[in-house]
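Participant: Structure below; questions to follow.
The values are calculated or read from the model by the stated rules, or taken from the named source; none is laboratory data. The shown structure was predicted, so the numbers you read here are calculated from the model rather than taken from an experiment. Heads up, the Cβs are rebuilt from the backbone with ideal geometry, glycines too, and the neighbour counts pull from every protein chain shown. When the accessible area is computed, the model is the full protein with side chains, heavy atoms only, and any ligands, DNA or RNA have been set aside. Shrake-Rupley method; radii C 1.70, N 1.55, O 1.52, S 1.80 Å.
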Amino acid sequence: MGATSSTASSLVTVVIGTRPELIKMAPVIKAIRETDSMELRFVHTGQHYDTELSGSFIRTLGLPEPDVRLGVGSGSQAEQTGEALVALEADVEATSPDVVLAQGDTNAVLSAALAVSKLDADFGHVEAGIRSFDDEMPEEVNRVVADRVADFLFAPTMEAAQNLTEEGITENVHVTGNTVVDACREHSKVAHEQSDVLDRLDLTPGEYVAATVHRARNTDDDDRLRTVLTALDDVSFPVVLPAHPRTQAAVDRIGFDASGSLALIDPLDYLDFLELLSSARVVVTDSGGVQEEASILEVPCLTVRPNTERPETVDAGVNELVTPETVGDRLRAVYRDERDEMVGATDLFGDGRAGERIVELLRTAGEDDRDAARRSVEQPPN
């Protein structure tokens, strides 16, 4: 580890910018806090800048408050990445962590990867090797760059590790499983016991569809977004869509009025969303994380995208790629007749111990570095 000190404790900085990252890094943060030989520093860039939304997620997940909030907020991709890059570089230089961890494919990940690549700390990429093979997706660029400069690459699946091998990246690649399984298993039972979201929305388990739409490909294209929303609004069963701020702004921009089966609601906290998802008959999404969660919770998934970085779900038959023009017909067919054919692959992304594995790998690497440093002092080369 690049900045290992002479003390027994290693400082690990975890960088998070969005709510999905909070969810997926929660098992890693908890494992770090339970490890005597590690100290946690928790940095929130503020890419999801709604304090109420991010704050509620932090509390729900039982995480500590961030040591620092960088307050990057909204703006273009260049603005978000640039502001976070400058702030993260200053934070890493001031605190000298041994390793900096970031997860996924957001601008926060790209900023962390670039900042740390020029400094003494090591960079660890959680969810390395995931690929959509669509260079038009900003997320694809982010994840490829992060993997190129990473010192530790924590691949969630063998397929992700194989992607890295084909790109010539073979050192320090570890298949750990995906931390989304850890989080989903830990919290879905709690959600079922504590959430009253179905009562509040007057929903019957198994008799509605959950939906999410937030990717720029869908929200920034007026015709595409209108087609998707119209399809969801034109079925004979309830469809509930918690609207991301980007989505709500786009809905307002195109003047769409949901007057049929579609209910656009405010964003939900994590436990409420887990309960909404786990009790749905089908989910329609463009989110990578929701594709994973749907497979774990055995909810058939229709993904409104031309490609996916979670091909395991498609190969297993629990997820299907659809277009805005076909989502309505496919939703009706799966809801009525094909649901049972699209469930059963709960272990595609691991056994729920990915967070523990990642921290153990870092702990072992830190011990190896300290042993090597001691040997170099005790037995200097001739």
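Participant: How much area per residue is accessible in segment 223-382 when the probe is 1.4 Å and only protein heavy atoms are counted (Å²)?
Facilitator: On the way: 6840 Å² over 160 residues.
Per residue, segment 223-382 has 43 Å² of solvent-accessible surface.
Participant: Shifting gears a bit: Once you put a point 7 Å from the Cα of Glu367 and another 7 Å from the Cα of Thr165, both along the Cβ direction, what distance in nm separates them?
Facilitator: It is 2.8 nm.
Participant: May I ask you to compute the full-extension gain from Asp221 to Ile265, defined as 0.36 nm times their residue separation minus their alpha-carbon distance, rounded to one decimal in nm? List each step's numbers first, then the result.
Facilitator: On the way: separation 44, 0.36 × 44 = 15.84 nm, distance 2.11 nm.
Value of the extension gain: 13.7 nm.
Participant: Using just the alpha carbons, could you tell me how many Å³ per residue the convex hull of segment 152-244 encloses? Please report the intermediate quantities before stating the final value.
Facilitator: On the way: hull volume 15.9 nm³, N = 93.
Expressed per residue, the convex hull around the Cα atoms of segment 152-244 is 171 Å³.
Participant: Taking just the alpha-carbon atoms of segment 183-341, what radius of gyration and Dmax come out, in angstrom?
Facilitator: 14.4, 40
Participant: In debye, nearest 20, what is the charge dipole magnitude of the chain about its Cα centre with +1 on Lys and Arg Cβ and -1 on Asp and Glu Cβ, if you could check? Don't jump to the answer; show the numbers that get you there.
Facilitator: On the way: 33 positive and 71 negative charges, 65 e Å.
With Lys and Arg at +1 and Asp and Glu at -1, about 320 debye.
Participant: Toward the positive end of the charge dipole of segment 183-341, about the Cα centre and with charges on Cβ (Lys, Arg +1; Asp, Glu -1), which of Gly289, Pro245, Ala316 goes farthest?
Facilitator: Ranked along the dipole, the leading option is Pro245.
Participant: Rounded to whole Å and sorted largest first, list the principal axis extents of the Cα atoms in the chain.
Facilitator: So the extents along the principal axes, rounded to whole Å, are 79, 41, 39.
Participant: To continue, here is another question. Considering amide H positions built from the backbone, and no H for Pro or chain starts, which residues 5 or more places from Asp122, or on another chain, come under 5 Å of its amide H?
Facilitator: Gly2, Ala3, Val99, Val100
Participant: Could you list which residues have their amide H under 5 Å from that of Gly46, counting only those 5 or more apart in sequence or on another chain, with H placed in the peptide plane?
Facilitator: Those lying under 5 Å, H to H, from Gly46 are Leu70, Gly71, Val72.
Participant: When the chain is treated as a GNM, springs tying every alpha-carbon pair under 10 Å, which of His125, His214, His44 comes out with the largest mean-square fluctuation?
Facilitator: His214
Participant: Starting from the residue with the highest accessible area, list Glu309, Glu139 in decreasing order, probe 1.4 Å. Don't skip to the answer; put the middle values down first.
Facilitator: Working: Glu309 5, Glu139 40 Å².
The most accessible residue leads, giving Glu139, Glu309.
Participant: In addition: For a quick check: with amide H placed at 1.01 Å from N, whose amide H comes under 5 Å from His244's, ignoring anything fewer than 5 positions away on the same chain?
Facilitator: Val213
Participant: Relative to the present Cα-Cα distance, how much length would full extension add between Arg339 and Arg69 at 0.36 nm per residue of separation? Write down the numbers at each step before the final one.
Facilitator: Details: separation 270, 0.36 × 270 = 97.20 nm, distance 4.30 nm.
In short, 92.9 nm is gained.
Participant: Turning to a different aspect of this structure: I need the shape label for segment 97-182. Rule: rounded when a/c is under 1.5, else prolate if a/b > b/c, else oblate, with a, b, c from the alpha carbon gyration tensor. Intermediate results must be reported in sequence, preceding the final value.
Facilitator: Numbers: a/c = 1.43, a/b = 1.19, b/c = 1.21.
Rounded shape, in that the Cα axes give a/c under 1.5.
Participant: With only Lys, Arg, Asp and Glu charged, each at its Cβ (+1 for the first two, -1 for the last two), find how big the charge dipole of segment 183-341 is about the Cα centre; round to the nearest 20 debye. Show your work: numbers first, answer last.
Facilitator: Details: 16 positive and 32 negative charges, 52 e Å.
Here segment 183-341 has a charge dipole of around 240 debye.
Participant: For the ranges 112-119, 276-283, 72-79, 261-268, what's the packing order if you count other beta-carbon atoms within 10 Å of each residue, average per peptide, and put the highest first?
Facilitator: Numbers: 112-119: 21.4, 276-283: 23.5, 72-79: 14.0, 261-268: 17.8.
Those peptides, ordered most packed to least, come out 276-283, 112-119, 261-268, 72-79.
Participant: Let me ask something additional. Given a cut-off of under 8 Å on Cα pairs at least six residues apart, what relative contact order in percent is computed for segment 285-339? Please report the intermediate quantities before stating the final value.
Facilitator: Working: 61 pairs, mean separation 17.6, N = 55.
Here the relative contact order equals 32 percent.
Participant: Which length gain, in nm to one decimal place, applies between Glu186 and Asn172 when the Cα-Cα distance is subtracted from 0.36 nm times their residue separation? List each step's numbers first, then the result.
Facilitator: Working: separation 14, 0.36 × 14 = 5.04 nm, distance 2.83 nm.
Length gained between Glu186 and Asn172: 2.2 nm.
Participant: If packing is taken as the mean number of other Cβ atoms within 10 Å per residue, what is the order of 100-111, 194-205, highest first? Each step should come with its number before you reach the end.
Facilitator: Details: 100-111: 28.4, 194-205: 13.8.
Result, highest mean first: 100-111, 194-205.
Participant: Applying 1/(1 + (r/R0)^6) with R0 = 51 Å to the Cβ-Cβ distance of Gln194 and Asp120, what FRET efficiency is obtained, to the nearest 0.05? Could the numbers behind the result be given before it?
Facilitator: On the way: r = 44 Å, r/R0 = 0.86.
About 0.70, to the nearest 0.05.
Participant: Which ³J(HN,Hα) values, rounded to whole Hz and listed in residue order, are derived for segment 270-275 from phi using the Karplus coefficients 6.51, -1.76 and 1.60 in 6.51 cos²θ - 1.76 cosθ + 1.60 with θ = phi - 60°, glycine and proline given as x?
Facilitator: Residue by residue, segment 270-275 yields 4, 5, 5, 5, 4, 5 Hz.
Participant: Taking the Cβ-Cβ separation of Leu201 and Asp351 as r and a Förster radius of 45 Å, what is the calculated FRET efficiency to the nearest 0.05? Before the final figure, lay out each step's value.
Facilitator: Numbers: r = 33 Å, r/R0 = 0.73.
Between Leu201 and Asp351 the formula returns 0.85.
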